[in-house]
1. Might you tell me the accessible area per residue for the range A:49-185, computed with a 1.4 Å probe and given in Å²?
2. Projected onto the charge dipole of the range A:5-164 (+1 at Lys/Arg Cβ, -1 at Asp/Glu Cβ, origin at the Cα centre), which of A:P134, A:F34, A:P12 gives the Cα projection farthest towards the positive end?
3. How much accessible surface does A:L88 have with a 1.4 Å probe, in Å² rounded to 10?
4. Checking an interface number: how much accessible area is buried between B and A, summed over both chains, with a 1.4 Å probe, in Å² rounded to 100?
5. Where does chain A land at 222 nm, in deg cm²/dmol rounded to the nearest 500, when only DSSP H runs of n ≥ 4 count, each adding -39500 (n - 2.57), divided by all residues?
6. With axes computed from alpha carbons, what is the tilt in degrees of helix A:241-252 against the longest principal axis of chain A, rounded to the nearest 10 within 0 to 90?
7. If you count, for every residue in A:78-89, the Cβ atoms of partner chains within 10 Å of its Cβ, what is the mean?
8. Given 10 °C and 1.306 mPa s, compute D for the range A:49-185 with the Stokes-Einstein relation, Rh being the Kirkwood radius over Cα pairs; round to the nearest whole µm²/s.
Amino acid sequence: MEDDDADAFLRPPSDEKYSVIERTPSSYNPLHSFDLAKGDQKHYQQQYGDMYFLRLAKLKPAVEELAEEAWGDLEIAGESVRRVDRVLDVRQGELCWVAGTVYMDMPLKPNILDDISKDHWIAAPPPREKYISPSGQDQTMLEDESGRLRLIGTPLQMNMLVTGCIIAAMGTENANGDFEIIDMKVPDLPRQPQRWERDEGSVALANGDGKSKLKEHKERREGSKVALVSGLCINGDEGDTLTLDLLMEYLTGEACGQATQQDVGKISRLIIAGNSIAEGNPLHPRAELLDKKPSKKYGYDSAAYNPAPTIRFDDFMATLLPSIPITLLPGEGDPANVSLPQQPMHPALFPRSRNYASEPGSAEPGWLDSVTNPWEADIDGWRIMGNGGQPLDDVFKYVEGNERLDMMENLLRWRCGAPTAPDTLWCYPFQDKDQFVIEECPHVYFVGSQPAFETAVIEGPTGQTVRLIAVPKFKETGELVLLDMDTLEVEIVKFEVFNDK
Amino acid sequence: MPPTRRKTSTRAQSTLAFGPNSSSNKVTKPLAPPSSTKKSPKTKPTSKKSDAALLDETSVPSTPSPAPEEEKPSLAEKTVPESPRTLAIRNQTTSLQEKSSKREEIKADGVEELARKIPETQIRKYWKNKEDERIAPRVHQGGLSINEKILRHFDLSSQYGPCIGIPRLRRWKRAEGLGLKPPIEVLAVLVREEGKGNKGAEKAFMDGLLASRLSGGD
């Protein structure tokens, strides 16, 4: 890159005809798994118990199959292992295995009583970084519709567990009534679709003689890349502008020399994985709000609302959109609903970028695709799944250490995208199907707004391979992740402003 | 008391008989049994008695939803004071009916048609099998029709999930979709009750109790 760029600038204009570098088009087929019904059709009268029931009903067969394979004809000290249907059917002294949902009883978890104390006293205790209690008061329990069983044993220290994952545990009940585990199994990675499987399936359904069209599809999509960025945290004033402008220039192909621009031309799509707008001002405590008299103001109340971040973000996207399609996921600080799955940010928030979004009610995704958080899609045939970071950050609070990739791997192996929902993570009370259960293994799994960039490849029992990507916060690290869609290799582009200190 | 365990599926799931050679295959229209119409006015006074007994056993749900309180002022103007929960669940049933009529017409009609054809004798045989599994007869259920007893037993079968906040028909279909094989006799009873226009059989009895407790306890 350096040689080319060194000659590219500071030269007199030449007569050389440069060819226009074109951007590789992206083959994009999003899934709408996390779309919720709108308006009247969305009910909140149901309780969250349905969600746990649905999760268990879906994942219990999978985990029992694995457990049967592993422990079916196992004999320990002359006693064979028996399968038990319900958690309460375990008998003292008998070696057996049972499947159920894990529940972590942690006294430091957020408690409704903290909210009440906020009303009575001036300040609530600050939110904790981790829910693990230092004195070992945490208890792990196994639960199903019949009851709960306390778990103890060495596998608990070796394996990561959070509330909501489905496991099969083998062991025996001791005199105290605790279930001592000898071994445990998780559902592990589900079936992974082949590359192009869903696109081929839909094309085959659409036209019987789909073969010639398929070849066209495959040949066109060679050598493309996808850019992932997260945590732009635009707050409309000072410090954002320079690194953000560098990012814009890089992606539109205005920066650097010919060689880099050729590379940038291969980037077919930008995925913004949450937290694009900096967290807003916290709401005033209730007492203050009541005292304030509603004064007549035309337009909006500037004390309560600051439009600058949204305008700046809109400008950012509107500069990029003519050249590159964008997929926008909402994050924790974005103007979308708080509970998972976060619904797409409304295009009305972005008056300039709105022109690139699809018409309301149309099935085709637009050039600007505002999507849900979590989200999955087929890009260039590969199944990509990702979220804005909330489920992973919540799992972080339950376990010791900061091994984000381990947590991501475990999310996939538990086959649940957000196991701690609805316990400590706000979510919609699903009644027909727990959408967070991962039914088809993705090829790429990314999580946004993480403290540092990390990546790894994990493997599954039936040959699945998943590329895990932890996308760092752009505001803090200035890093953009590039994912090569042929080899699923990852590289980083770092934008930094030279600080003369 | 933990819910009664289901025995092996061969016993609980009765087989459906088709074909001309099967002796028990009678596609007769179900007659409204006279006993149930007599007992329906009776169920109200007896249900109040059993109310007191059941209220002691049922526990108030741990997550008191703030929604009923918020919706109360808006619903106060209604002439028929229906609690917001029953209203929402009724909306769910109507939306379910609309949905099922639009999308899953073939599927839903298929299994419901099957259920409609199930004769009374099969339903009674199913219930007799359930009663024979117990050591002692059921208490506080003297005034209930057999249909109501079957539906309440289905409500309390926790292997199909919680019975609160979801209409019975939808719960049955959800269990069927998850592969839990709920007994088709229950669907037959639900379809019959719906045919009779019995709105009270739509949602679980427990749901009605809890809803009335929440809205009544001002």
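The values are calculated or read from the model by the stated rules, or taken from the named source; none is laboratory data. Note that the structure is predicted; figures quoted are calculated from it, not measured. So basically every Cβ, Gly included, is an ideal-geometry build from the backbone, and we count neighbours across all protein chains shown. Just so you know, the surface numbers come from the protein's heavy atoms only, side chains and all, with ligands and any DNA or RNA stripped out. Shrake-Rupley method; radii C 1.70, N 1.55, O 1.52, S 1.80 Å.
1. Working: 7080 Å² over 137 residues.
On a per-residue basis, the range A:49-185 sits at 52 Å².
2. Going by the charge dipole, the pick is A:P134.
3. About 70 Å², ignoring ligands and nucleic acids.
4. Rounded to the nearest hundred, the buried surface is 1800 Å².
5. Details: 13 runs with 124 residues, N = 501.
Rounded to the nearest 500, the figure is -7000 deg cm²/dmol.
6. It works out to around 80 degrees.
7. The per-residue average across the peptide is 1.
8. 96
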